[in-house]
């Protein structure tokens, strides 16, 4: 599911389910497998991103979670 396609709470819940299953089934493809490194990557991506507004959307939140998966 593409984060840009999310617009509702239900879309976001589906996205979270997909992301969780991806970690379970494809952990080796995740750069940040611990909660600490995942949250650090999310924080770094949000800090570095110029495209995130001060009024987040479900899509923005989902994109930041995807950044937590692989951002260094």
Volume per residue that the Cα convex hull of the chain spans, once the total is divided by residue count, Å³: 84
Distance (nanometres) between label positions extended 7 Å along Cα→Cβ at residue 70 and residue 20: 2.3
Cβ crowding within 10 Å averaged over residues, with 3-16, 55-68 ranked highest first: 55-68, 3-16
Computed helical MRE - 222 nm, the chain, DSSP H runs ≥ 4 contributing -39500 (n - 2.57), nearest 500: -20000 deg cm²/dmol
Contact order normalised by residue count of the chain, Cα under 8 Å, 6+ apart, percent: 47
By average C-beta atoms within 10 angstrom, highest first, the peptides 20-26, 38-44: 38-44, 20-26
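No value in this document is a laboratory result; all are computed from the given coordinates. None of the values given here were measured: they were computed from a predicted structure. Neighbour counts run over all protein chains shown; Cβ positions are idealised from the backbone, glycine included.
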